[in-house]
Amino acid sequence: MPLYLEDLDVRSEVKESSSALIVPCNMCPAVTVAMREKKPFLRLLNHFLRSAPFDDYITALQDRLQEQGVRTKVFKSNIPHQWFLCMWTATRQKKLGRYAKKYETVIVLGCESATETVRDSVKSNNCKVVEGMKTTGIMNTKLSFQLPCDICFKDSRIIPLSPQKNHNTAFIPVWKR
């Protein structure tokens, strides 16, 4: 159940910066981009554990920012247990904190939880944290394997997030009812 994310225009947020570090989550944003472009999420024989559509998306973002005069670098997380930015270890967060010191702005490509992880990681650096995406739904999809060794999605739907309803009810544990 990956989250569905919509792009935010980060160019106006970084217009005063000369450098930006792009920190992508490699799961939900990569699934979103692959599904949106109707391309394989992973092509294990060609790119092994890299999502080519998401890599192209990040490269296009870097090109747009470079046209604006912003130097960019991507903070990569190639090991599968590091793909979920919202669940990074303390060690991974410290590494990001050290690396981000070289940049004025950090652009997060992920959900709001991923953004919070990045904020916690760089809070002592005085760099600006910018959301590059926002959560608008949850994907309902079927995983598909295609030859030669591609991982794709089919029959995908986006389930919109519904607004929170205030029922003014307190939580009462089952054993106290």
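Just for strands (runs of 3 or more DSSP E) wholly inside the stretch 82-176: which have at least 1 residues that are modelled with pLDDT under 90 and surrounded by 11 or more Cβ atoms within 10 Å (Cβ to Cβ)?
In the stretch 82-176, the matching strands (runs of 3 or more DSSP E) lie at 133-146, 150-160.
So which residues in the stretch 22-54 are modelled with pLDDT of 75 or more, in contact with an Asp or Glu (Cβ under 9 Å, 6 or more places away or on another chain) and either of a type in the set (S, T, Y) or assigned to a strand (DSSP E or B) (or both)?
Residue satisfying the conditions is T32 alone.
Please specify each residue of the stretch 104-124 satisfying the condition of being within 14 Å of the chain's Cα centre (by Cα) and not charged (D, E, K, R).
V106, I107, V108, L109, G110, C111, S113, A114, T115, T117, V118
Has the stretch 6-14 got any residue that is buried (at least 22 other Cβ atoms within 10 Å of the Cβ), modelled with pLDDT of 90 or more and closer than 21 Å to R92 by Cβ?
No, the stretch 6-14 contains no residue that is buried (at least 22 other Cβ atoms within 10 Å of the Cβ), modelled with pLDDT of 90 or more and closer than 21 Å to R92 by Cβ.
The values are calculated or read from the model by the stated rules, or taken from the named source; none is laboratory data. Please read all numbers here as calculations on a predicted model, not as lab measurements. Virtual Cβ from ideal backbone geometry, glycine too; neighbours counted across all protein chains shown.
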